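S.K.: Before we start, here is the structure in question, set down as structure tokens.
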Amino acid sequence: MLQVSLCYPGVDPAPWRDGLQCLLPEGRVRCWQAGDPLADYGVVWAPPQQFVDEQAGLKAVFNIGAGVDKLMQLRLPAQWKLVRLDDAGMALQMAEYVCHALIRHFRELDTYEQRARQGEWRQQRPRSRADFPVGIMGLGVLGQRVAQAVQGFGFPVLGWSRTPRACPGVQTFAGSQALDDFLAATRMLVCLLPLTPDTRQLLNRRTLSRLRPGAYLVNVARGALLVEQDLLDLLDSGHLAGATLDVFDAEPLAPCHAFWQHPRVQVTPHISAQTLERDSLEQIAGKIRALERGEPVAGVVELTRGY
Ligand code: NAP
Ligand code: GLV
């Protein structure tokens, strides 16, 4: 019988175990405990190194999330087939969140909200969409869906990826040599990159200064991509108009952190695209069956690349 080991520290794993068991009646799903015998498949989020060491011989390991940066901090066996969530209901959520943030900024809705609280009836001059090109860093599963949604609102869209990507209607840039040109053409920057050694602290004083004056940042990827103090300095200098941040270097965000009270920073608690239990488990169960049939699956992580 197929054995599946679930390791999800910090949450009640029972609904995940029972949900996967229902979808995989031909197998046995159990919550991992130290010393368990080797299973066939692992389903994990931020497991301890002991899980990795004891379950090094798994046929595949499914990450309960799109980003695998937490796993990448561990010593992983080179032969591990690590599979991340591939959309699983997150792309649409991400598109909603990013469009909301961009439109809120573009339409100056925060200004109107403040004025409304004071009973002030005053209109701003309309802004031109052509003056607000949206640059999306990362044209993967989430970035491409966001690009499509942003295009639907008529903004010019640019995209930047590691390797060249064709994305209909998007002006694309690839590789570090194209980064400055991409940034110089961007007024609203959306970060949807994975956190890897190449992308850590990529959003810093130098790169953010390349953006068009009055630029706006939406970081929905990982907090460690951004040097937080550099963002604060560029907001204070006026080079950046504001930011919407869903992810932070240290989560939860410390109660005394400057972002909470900053008048031009919007904070949310890492909810831009939440893991949906049913969608995720259906995807994982489907992939376990595909692998058992010897078929390839999408979302396999290249361990040497880090995503
Ligand atoms: P993905 O499909 O793997 O796409 C990653 C994209 O980033 C690809 O286009 C890739 O380029 C590009 N990239 C990677 N390294 C790069 C580099 N050094 N320079 C330029 N581009 C680079 O990932 P995804 O599913 O879209 O997810 C992206 C990230 O979103 C996740 O890793 C996770 O951290 C984050 N996320 C956040 C939340 C949230 O709630 N806040 C939810 C889900 C995911 P290539 O196309 O050339 O490979
Ligand atoms: C959430 O942040 C994820 O990586 O799925």
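The values are calculated or read from the model by the stated rules, or taken from the named source; none is laboratory data. Keep in mind the model is a prediction, meaning the values are calculated, not measured. Heads up, the Cβs are rebuilt from the backbone with ideal geometry, glycines too, and the neighbour counts pull from every protein chain shown.
S.K.: Report, ordered by the first and then the second residue, all pairs with beta carbons closer than 8 Å, sequence separation of six or more or different chains, a first member in the stretch 57-81 that is under 19 Å from residue 282 (Cβ atoms) and assigned by TED's automatic domain parsing to the domain that holds residue 16, and a second member that is outside any loop (DSSP other than H, G, I, E, B) and near ligand 1 (Cβ under 10 Å from one of its atoms).
M.R.: As it stands, the answer is 66/90; 66/141; 66/142, since those pairs meet every condition given.
S.K.: Considering (1) acidic (Asp, Glu); (2) assigned to a loop (DSSP other than H, G, I, E, B); (3) closer than 19 Å to residue 220 by Cα, say which one residue 120 fails and leave the rest.
M.R.: (3)
S.K.: Can I ask one more? Of the residues that sit in the stretch 60-80 and are more than 16 Å from ligand 2 (Cβ to nearest atom) and touching a strand residue (DSSP E or B) at 6+ places or on another chain (Cβ under 9 Å), which one is nearest to residue 278 (Cα to Cα)?
M.R.: Looking at the filtered set, the residue picked out is 60.
S.K.: Identify all residues within the stretch 275-298 that are in contact (Cβ under 8 Å) with a residue 24 or more places away in the chain, loosely packed, with under 14 Cβ neighbours inside 10 Å and part of a loop (DSSP other than H, G, I, E, B); write none if there are none.
M.R.: Result: 298, single match.
S.K.: Sticking with this one: So residue 269 passes all but one of these: (1) within 15 Å of ligand 2 (Cβ to nearest atom); (2) more than 17 Å from the chain's Cα centre (by Cα); (3) part of a loop (DSSP other than H, G, I, E, B). Which condition number does it fail?
M.R.: Condition not satisfied by residue 269: (2).
S.K.: Can you name every residue in the stretch 253-267 that is aliphatic (A, V, I, L, M) and over 18 Å from residue 214 (Cα atoms)?
M.R.: Matches in the stretch 253-267: 253, 254, 258, 267.
Let's see how each residue does on (1) touching a helix residue (DSSP H, G or I) at 6+ places or on another chain (Cβ under 7 Å); (2) surrounded by fewer than 23 Cβ atoms within 10 Å (Cβ to Cβ); (3) within 21 Å of residue 69 (Cβ to Cβ):
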residue: 166; (1), (2), (3): no, yes, no
residue: 178; (1), (2), (3): no, yes, no
residue: 190; (1), (2), (3): yes, no, yes
residue: 193; (1), (2), (3): yes, no, yes
residue: 206; (1), (2), (3): no, yes, no
residue: 224; (1), (2), (3): no, yes, yes
residue: 237; (1), (2), (3): no, yes, no
residue: 254; (1), (2), (3): no, yes, yes
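S.K.: Please find, among 190, 218, 146, the residue that is within 21 Å of the chain's Cα centre (by Cα) and not in a strand (DSSP E or B).
M.R.: Just a single option satisfies the conditions, and that option is 146.
S.K.: Continuing with this model, one more query. Are any residues in the stretch 149-173 closer than 16 Å to residue 219 by Cα and part of a helix (DSSP H, G or I), and if so, which ones?
M.R.: The answer is 150, and nothing else.
S.K.: Give me the pairs: first residue in the stretch 194-215 and at positive phi, second residue buried (at least 16 other Cβ atoms within 10 Å of the Cβ) and assigned to a loop (DSSP other than H, G, I, E, B), beta-carbon distance under 6 Å, and six or more apart or on different chains, which are they?
M.R.: 201/227
S.K.: If you check every pair at least six apart or on different chains, which have Cβ atoms under 9 Å apart with a residue in the stretch 95-119 that is in the same structural domain as residue 139 (by TED's automatic domain parsing) first and a residue that is at pLDDT below 95 and aromatic (Phe, Trp, Tyr) second?
M.R.: Pairs that qualify, where the first residue is in the same structural domain as residue 139 (by TED's automatic domain parsing) and the partner is at pLDDT below 95 and aromatic (Phe, Trp, Tyr): there are none.
S.K.: Now, a different point. Which of (1) out of contact with any Leu (no Cβ under 9 Å at 6 or more places or on another chain); (2) within 16 Å of ligand 2 (Cβ to nearest atom); (3) of a type in the set (A, V, I, L, M, F, W, C) is the odd one out, the single condition residue 98 does not satisfy?
M.R.: (1)
S.K.: Let me ask you something else. If a residue must be more than 14 Å from ligand 2 (Cβ to nearest atom) and either modelled with pLDDT under 95 or closer than 18 Å to residue 191 by Cα (or both), how many such residues does the stretch 81-91 contain?
M.R.: So the count comes out to 0.
S.K.: Separate question: Hey, can you tell me all the residues within the stretch 75-86 that are surrounded by fewer than 21 Cβ atoms within 10 Å (Cβ to Cβ) and either hydroxyl-bearing (Ser, Thr, Tyr) or within 17 Å of the chain's Cα centre (by Cα) (or both)?
M.R.: Within the stretch 75-86, 86 is the sole residue that qualifies.
S.K.: If you don't mind, there's one more thing I want to ask. Might you let me know whether the stretch 43-52 holds any residue that is assigned by TED's automatic domain parsing to the domain that holds residue 288, among the β-branched types (Val, Ile, Thr) and more than 16 Å from ligand 2 (Cβ to nearest atom)?
M.R.: yes
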